[in-house]
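As structure tokens, the structure follows; a few thoughts come after it.
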Amino acid sequence: MAWKNADVVVIGGGVQGCASAYNLAKLGVKKVILIEKNSICSGSTGRCGAGIRAQWGTEMNCRFGLACLDIFENLEEELGMSVGLNQGGYLMVAYKESEFDQLKANIKLQNSLGIRSGVVTREEAYTICPGLSADDALGFTFHQRDGHADPFLTTFAYMEAAKRLGVEFLKFTEVTAIKVEKGRVKTVVTDKGEIDTAVVLNTAGGFFQDVAAMVDLELPIHSENHDIMVTEPVEPGVCPPMLMSFSGNYYLQQRPDGTIVGGCSPIGHPMDSDLRSRFAFLEHMSSVFTKLLPRAKDIRIVRQWAGLYNMSPDCQPILGEAEHVKGFFLSGAYSGHGFMFAPITGKLMAQLITRGNTDMPIHMLHYRRFAEGKLIIEPAVV
Amino acid sequence: MAGICIDKTKLDDDDVVVCRCKEVTLKEIREWIDRGYDTFDELKRLTGVGMGACQGRGCRDIIMKEIARRTGKSFDEIGTGTFRPPVKPVKLGTLTAANKEDPWEGKVVSH
Ligand SMILES: Cc1cc2nc3c(=O)[nH]c(=O)nc-3n(C[C@H](O)[C@H](O)[C@H](O)COP(=O)(O)OP(=O)(O)OC[C@H]3O[C@@H](n4cnc5c(N)ncnc54)[C@H](O)[C@@H]3O)c2cc1C
Ligand code: FES
């Protein structure tokens with residue numbers, strides 16, 4: 001006898017799992033169970049920079065970004081709880097000619113899709129971000145509707161709304177195996193008992209590839225450690241927009257509580273998933289902070305931590321159903337943008353599972369693109 | 001002779017600020033515990049307790065005890081939450097001065 005049964009089992013209590021569970025229940029799925037091996041929001045979501053933007057360089061990501069902004073702007077009303085949305089904009093900083101050319105090309109594309117971003121002068125950049133010193137930069141672009149939301153509140157808001165719709169959350173419960181029968185998902189095995197279900201959604205974040213391997217699906221995915229840190233709270237207005245640079249390799253932003261959060265990518269993507277804190281990161285990032293915000297030198301750092309980026313060969317997510325196992329759905333490999341996309345991908349995955357089709361195209365994000373050599377080349381990705 | 005005497009039984013516990021850094025009251029903590037946020041880490045994520053300048057030195061014990069009292073769980077089960085470096089807040093300028101590298105040098109991301 002199974003311990004429980006469900007219509008859909010969602011594996012992973014990060015923002016993707018919670019947003020998907022909520023949307024599944026909203027579309028009428030009766031019995032949704034979400035399983036989290038630790039506590040809710042203990043994975044990448046609770047460790048992320050939580051930036052949200054529509055300043056992308058491919059049509060697909062621009063459309064996703066725009067759809068997410070539309071949802072985020074009404075999310076508090078929809079879910080009945082604040083998600084800490086803060087639209088201070090993203091100020092992109094270019095230090096190289098080729099980089100600035102790319103940003104300008106991105107702006108053209110964005111504008112053609114209804115995103116009201118644009119190139120701004122240095123003076124304008126200094127008005128948008130009063131603490132900024134970037135005389136060595138070549139150019140800037142800005143979009144006011146970008147910004148960030150609170151990753152914890154967003155996830156908990158989805159969870160609370162999902163609970164009201166009847167979704168069951170099992171925390172401190174780990175999925176250890178998935179039983180497949182005649183090419184279909186049959187049972188999810190956990191350390192607490194077995195759950196019979198015909199549908200599984202894998203939103204296991206940094207462990208996405210491990211859960212896929214439970215149905216013998218080998219994905220070209222790895223998880224990679226990214227460091228991040230936060231300062232004590234200071235007067236607002238030091239850095240209202242998210243400052244971001246691809247060649248400078250940084251993102252940083254002051255949050256509504258006055259703290260400043262910032263991080264960078266590890267050099268050369270070392271395939272390192274060790275989450276221990278590194279002092280070298282603190283030193284490096286402190287130099288970045290004080291170079292960009294010279295007046296910040298007396299602000300104190302209070303905490304550093306690290307989280308996993310789940311990386312695919314083209315740094316774009318994998319969405320869809322497994323080819324050889326009916327009922328096994330995938331939503332992962334979001335690299336550095338899985339928080340911002342959750343409002344739309346949670347919705348699209350719920351549509352795919354319940355209706356077999358989606359409001360926006362996602363077929364190009366199926367994992368078969370790697371075998372077919374149809375990688376998605378996104379120039380605006382960290 | 002006793003000095004000023006406060007009748008502790010009349011203090012409304014609920015209004016006590018348990019986390020001074022983030023100004024969170026016992027009432028808020030109790031409400032969230034009762035709604036299932038019964039680990040220190042989850043309360044931290046939801047209300048910010050433990051994430052202030054003192055990094056929980058002022059509030060962790062009180063909140064852990066409250067969780068234990070309301071859920072009947074032991075400290076082990078509740079989890080103390082993660083301690084993060086630096087152990088004491090350190091100025092950005094201090095670390096910058098110690099660091100000789102130019103932050104823009106050799107730091108280009110590979111894609
Ligand atoms: C430092 C850093 C900065 C970032 N900045 C941004 C940003 O600015 N903007 C942005 O959009 N994104 C950002 N990201 C990326 C973002 O955090 C992730 O893409 C996103 O949170 C992924 O959400 P998720 O729900 O898929 O995964 P997670 O939040 O990791 O959730 C997956 C959950 O699954 C659970 N799980 C795994 N295996 C099992 C199992 N076998 N059984 C049960 N449970 C299991 C895990 O415990 C985990 O809680 C950043 C990431 C990091 C690390
Ligand atoms: S008192 Fe709670 S973080 Fe300082």
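The values are calculated or read from the model by the stated rules, or taken from the named source; none is laboratory data. As the structure is a prediction and not an experimental result, all values here were calculated from the model. Ideal geometry is used to build each Cβ from the backbone, glycine not excepted, and the neighbour counts take in all protein chains shown. When the accessible area is computed, the model is the full protein with side chains, heavy atoms only, and any ligands, DNA or RNA have been set aside. Shrake-Rupley method; radii C 1.70, N 1.55, O 1.52, S 1.80 Å.
Consider A:L79 carefully, then state whether it is more than 15 Å from the chain's Cα centre (by Cα), open to solvent by less than 10 Å² (accessible area, probe 1.4 Å), of a type outside the set (D, E, K, R) and within 15 Å of ligand 1 (Cβ to nearest atom).
no
For region A:178-187, which positions are surrounded by 12 or more Cβ atoms within 10 Å (Cβ to Cβ) and without any contact (Cβ under 8 Å) to a residue 60 or more places away in the chain?
Selection gives A:K179, A:K186.
crowded, with 18+ Cβ neighbours inside 10 Å, within 16 Å of ligand 2 (Cβ to nearest atom), within 11 Å of chain B (Cβ to nearest Cβ) and aliphatic (A, V, I, L, M): is that true of A:V288 in this structure? Give the derivation first.
Details: crowded, with 18+ Cβ neighbours inside 10 Å: yes; within 16 Å of ligand 2 (Cβ to nearest atom): no; within 11 Å of chain B (Cβ to nearest Cβ): yes; aliphatic (A, V, I, L, M): yes.
No: the conditions fail for A:V288.
Can you tell me which condition A:W305 does not meet? The list is (1) more than 10 Å from every other protein chain (Cβ to nearest Cβ); (2) within 21 Å of the chain's Cα centre (by Cα); (3) surrounded by fewer than 21 Cβ atoms within 10 Å (Cβ to Cβ); (4) of a type outside the set (G, A, S), and all the others hold.
A:W305 satisfies all of (1) more than 10 Å from every other protein chain (Cβ to nearest Cβ); (2) within 21 Å of the chain's Cα centre (by Cα); (3) surrounded by fewer than 21 Cβ atoms within 10 Å (Cβ to Cβ); (4) of a type outside the set (G, A, S) except (1).
If A:R164 passes every condition in (1) more than 16 Å from ligand 2 (Cβ to nearest atom); (2) open to solvent by less than 70 Å² (accessible area, probe 1.4 Å) but one, which one does it miss?
Every listed condition holds for A:R164 apart from (2).
Kindly indicate whether any position in region A:248-266 is among the aliphatic types (A, V, I, L, M), assigned by TED's automatic domain parsing to the domain that holds A:K96 and over 19 Å from A:C48 (Cα atoms).
Of the residues in region A:248-266, the ones among the aliphatic types (A, V, I, L, M) are A:252, A:260-261.
Now restrict to residues that are assigned by TED's automatic domain parsing to the domain that holds A:K96: A:252, A:260-261.
Now narrow it down to the ones that are over 19 Å from A:C48 (Cα atoms): none.
Scanning region A:248-266 turns up no residue that is among the aliphatic types (A, V, I, L, M), assigned by TED's automatic domain parsing to the domain that holds A:K96 and over 19 Å from A:C48 (Cα atoms).
Being among the aliphatic types (A, V, I, L, M) and either more than 20 Å from A:K31 (Cβ to Cβ) or within 16 Å of ligand 2 (Cβ to nearest atom) (or both) is the filter here, so list the residues in region A:181-227 that pass it. Steps first, answer last, please.
First pass over region A:181-227, keeping only residues among the aliphatic types (A, V, I, L, M): A:185, A:188-189, A:195, A:198-201, A:204, A:211-215, A:217, A:219, A:221.
Result: A:A204, A:V211, A:A212, A:A213, A:M214, A:V215, A:L217, A:L219, A:I221.
Could you please give the count of residues in region B:21-40 that are open to solvent by less than 30 Å² (accessible area, probe 1.4 Å), within 12 Å of another protein chain (Cβ to nearest Cβ) and in contact (Cβ under 8 Å) with a residue 12 or more places away in the chain?
Residues meeting the conditions: 3.
Can you spot a residue in region A:320-327 that is more than 9 Å from every other protein chain (Cβ to nearest Cβ), buried (at least 16 other Cβ atoms within 10 Å of the Cβ) and in contact with a Lys or Arg (Cβ under 6 Å, 6 or more places away or on another chain)? Explain how you work it out, then say what you get.
Step one: list which residues in region A:320-327 are more than 9 Å from every other protein chain (Cβ to nearest Cβ), which gives A:320-327.
Retained after the next criterion (residues that are buried (at least 16 other Cβ atoms within 10 Å of the Cβ)): A:320-322, A:325, A:327.
Of the ones still in play, those that are also in contact with a Lys or Arg (Cβ under 6 Å, 6 or more places away or on another chain) are A:327.
Within region A:320-327, one or more residues are more than 9 Å from every other protein chain (Cβ to nearest Cβ), buried (at least 16 other Cβ atoms within 10 Å of the Cβ) and in contact with a Lys or Arg (Cβ under 6 Å, 6 or more places away or on another chain).
Any chance you could count how many residues in region B:9-50 are within 13 Å of ligand 2 (Cβ to nearest atom), in a helix (DSSP H, G or I) and polar (S, T, N, Q)?
Residues flagged as within 13 Å of ligand 2 (Cβ to nearest atom), in a helix (DSSP H, G or I) and polar (S, T, N, Q) within region B:9-50 amount to 1.
For region A:133-150, which residues satisfy the criterion of being closer than 19 Å to A:I260 by Cα and either open to solvent by less than 10 Å² (accessible area, probe 1.4 Å) or touching a strand residue (DSSP E or B) at 6+ places or on another chain (Cβ under 6 Å) (or both)?
A:A134, A:D146, A:G147, A:H148, A:A149
In region A:33-69, which residues are open to solvent by 10 Å² or more (accessible area, probe 1.4 Å), more than 13 Å from chain B (Cβ to nearest Cβ), in a loop (DSSP other than H, G, I, E, B) and away from ligand 1 (no atom under 11 Å from the Cβ)?
Across region A:33-69, the qualifying residue is only A:T58.
Here is a list: A:V211, A:V234, A:V238. Which entry is away from chain B (no Cβ under 14 Å) and either among the hydrophobic types (A, V, I, L, M, F, W, C) or closer than 28 Å to A:G262 by Cβ (or both)? Give the derivation first.
Details: A:V234 fails: away from chain B (no Cβ under 14 Å); A:V238 fails: away from chain B (no Cβ under 14 Å).
So the residue among A:V211, A:V234, A:V238 that is away from chain B (no Cβ under 14 Å) and either among the hydrophobic types (A, V, I, L, M, F, W, C) or closer than 28 Å to A:G262 by Cβ (or both) is A:V211.
Could you pull out the residue among A:R184, A:R164 that is within 22 Å of A:L75 (Cα to Cα), assigned by TED's automatic domain parsing to the domain that holds A:G338 and out of contact with any helix residue (DSSP H, G or I) (no Cβ under 7 Å at 6 or more places or on another chain)? Reasoning before the result, please.
Details: A:R184 fails: within 22 Å of A:L75 (Cα to Cα).
Just a single option satisfies the conditions, and that option is A:R164.
Do we find a residue being closer than 18 Å to B:V90 by Cβ, touching a residue at least 60 places away in the same chain (Cβ under 8 Å), under 18 Å from the mean Cα position of the chain (by Cα) and open to solvent by less than 10 Å² (accessible area, probe 1.4 Å) anywhere in region A:228-238?
yes
Does A:S312 count as touching a residue at least 12 places away in the same chain (Cβ under 8 Å), polar (S, T, N, Q) and within 10 Å of chain B (Cβ to nearest Cβ)?
Details: touching a residue at least 12 places away in the same chain (Cβ under 8 Å): yes; polar (S, T, N, Q): yes; within 10 Å of chain B (Cβ to nearest Cβ): no.
The answer is no for A:S312.
Do we find that B:C59 is within 11 Å of ligand 2 (Cβ to nearest atom), on the phi < 0 side of the Ramachandran plot and open to solvent by 40 Å² or more (accessible area, probe 1.4 Å) in this structure?
no
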